[in-house]
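The values are calculated or read from the model by the stated rules, or taken from the named source; none is laboratory data. The structure presented is a predicted model; accordingly, all values stated were derived computationally and were not measured. Neighbour counts run over all protein chains shown; Cβ positions are idealised from the backbone, glycine included. Note: areas computed on protein heavy atoms with side chains; ligands, DNA, RNA excluded. Shrake-Rupley method; radii C 1.70, N 1.55, O 1.52, S 1.80 Å.
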Amino acid sequence: MKRSGTRGRVLARDDAGFDAAVLGTSFNARDPRRRPDMIVQANHVADVVAAVKRARDTGMKIGICSGGHSWAQNHIRDGGMLLDLSRLNHIAIDAAVGTASIGPGCLAGELNAALARHKLFFPVAHAYTVGMGGFLLQGGFGWNSRLNGMACESVIAIDMVLADGTLVHASETENPELLWAARGAGPGFFGVVVRFHLKLHARPRFVGMKMQVFRIRHLEEVMAWADAIGPDVSPSVEFQLVFNRRATGIFAHGIEVIGPVLTDSWREAREAVAFIDRGPLRGKASLTLPLVPMSLDMMMKAGERTLFLPNTRWTADSMWMNDAITPLLPALRSIADTQPAAPSHALWLNWNPPPTRRDMAFSLEARSYLALYGGLRGAARTPADESWATDHMRAMEAHSVGIQLADENLARRPARFMAPANLARLDVLRIRYDPEGRFNPYMGRVV
Ligand SMILES: Cc1cc2nc3c(=O)[nH]c(=O)nc-3n(C[C@H](O)[C@H](O)[C@H](O)COP(=O)(O)OP(=O)(O)OC[C@H]3O[C@@H](n4cnc5c(N)ncnc54)[C@H](O)[C@@H]3O)c2cc1C
């Protein structure tokens, strides 16, 4: 989504500019071929309250977008109202107390930049333009989330508009079940969050990046090494592998071993990423870069200039897995062999979560994570390019314990995204707070 400087308006299907306004809400340049009946571009919280009451009085369903980065374009449905919150983007920081209050339309990069001025930190999304609204609601795998926790765990309260148009506050002590649901319900949340109250963290004093690149022929060895060493990697390193047809430095099909690291000193960071230099495959690497100091801002922007390009038709799909990597190697080889041109890429992430988390809707994660991002800029080379992400994830379903809502693709491939007991509890809350089904449910229903 491109942030508009213009004042928000209400547009109906027949109004000039309607299509552009609807499609303009989406980072994904794919046309979902769904259209709401109207779009309400809210300027203030009062506009949201009025819009929800209008939907209630006229029997319309509501889709919501903040930053518009849902890969599946979950907010664009057929019929009803699309509520665009991108203009609700304020940031108010209380540095003395260590808290912030933000609008859902605030972007990850904007919040990070504002906090940097106070030497404070929040585990924002990895790409600059991701909206905080959808990111926080789905859980939020942010920078340093292996250390600071899921971003939603640092949400201490929300202000939200319920299906009947009431504006309520929810915290651990006031309407706690609403905060429970807002920590992980993601694209199936049953209200409109108009303000998030955040607990802030101390800012890591060193941010850097370590990288090593292998030709794709080494895929099996590199994956086996990464999977074995993963549990021992410091949580300050976001250890990941990316399959890319234009891998950095070799401009050919390769595997990028990437180690962004956020610590309090250069020395600590060097020690944390040393396992890459010392790896048994280092002699086979085409390229090993030294640890390069960077700003978080630079890393967030770099991701969107290299891997996550705008103006691209994206399809993402994902799976969490606990299985050892060896039985998956033939499937991973097939993913690489059929991988469309860049910016399409596959991401394997070393996660190894803590044994327990607080009680919240977010409740599904595993040892490692695999996501496929099919990104087409021109015509597809073959029809299989269009469904690369979904087809491979479907083929590997036996190894999956579920998906991330961050990279959901539920309409094309329904899959588990929450622990069954948490989903059941969420359903009870949905019926209590949205008995008429005013807010769109998940696009594909789940087991
Ligand atoms: C380039 C890119 C990079 C990404 N990087 C990361 C990452 O590092 N970590 C990560 O965890 N995820 C990441 N994601 C996934 C992203 O966090 C989710 O798609 C998230 O939903 C985006 O939030 P948004 O506000 O931009 O999206 P939107 O499309 O606006 O929102 C997604 C859905 O959330 C719901 N929603 C949004 N705002 C509200 C609200 N205020 N009230 C109620 N419901 C609401 C709606 O159902 C909506 O359809 C990335 C996505 C992209 C495209």
Alpha-carbon centroids, region 177-245 and region 303-369: separation in whole Å: 10 Å
Relative contact order, percent, region 1-99 [alpha-carbon distance under 8 Å, six or more residues apart]: 33 percent
Max mean-square fluctuation residue, GNM over the chain, Cα-Cα springs under 10 Å, options VAL124, VAL273, VAL428: VAL428
Computed [θ] at 222 nm, deg cm²/dmol, the chain (DSSP H ≥ 4; -39,500 (n - 2.57); rounded to nearest 500): -7000 deg cm²/dmol
Cα-centred dipole magnitude for region 194-346, charges only on beta-carbon of K, R (+1) and D, E (-1), debye, nearest 20: 500 debye
Relative contact order (%) - criterion: Cα under 8 Å, at least six apart; region: region 86-179: 17 percent
Separation of the ASP323 and ARG215 label points, Cα + 7 Å toward Cβ, nm: 2.9 nm
FRET efficiency, ALA366 to LEU147 (Cβ-Cβ, R0 22 Å, nearest 0.05): 0.75
Cα gyration tensor, the chain - rounded (a/c under 1.5), prolate or oblate: prolate
Protein accessible area in region 77-153, 1.4 Å probe - carbon and sulfur %: 55 percent
Selected from ARG367, ARG267, ARG416 as most flexible by GNM, with the chain as the system and alpha-carbon contacts under 10 Å: ARG267
Those residues of region 174-202 whose amide nitrogen sits under 17 Å from the label point placed on ASP94, 7 Å along Cα→Cβ: 174, 195-202
Residue of ARG33, ARG217, ARG77 that the Gaussian network model of the chain assigns the largest fluctuation, springs spanning Cα pairs under 10 Å: ARG33
Among VAL401, ILE325, HIS345 the positive-end extreme of the charge dipole of region 291-447 (Cβ point charges): VAL401
Spatial separation of Cα centroids for region 384-438 and region 109-157, in angstrom: 23 Å
Distance between modelled label sites at GLU177 and SER387, nm, 7 Å Cα→Cβ extension: 4.1 nm
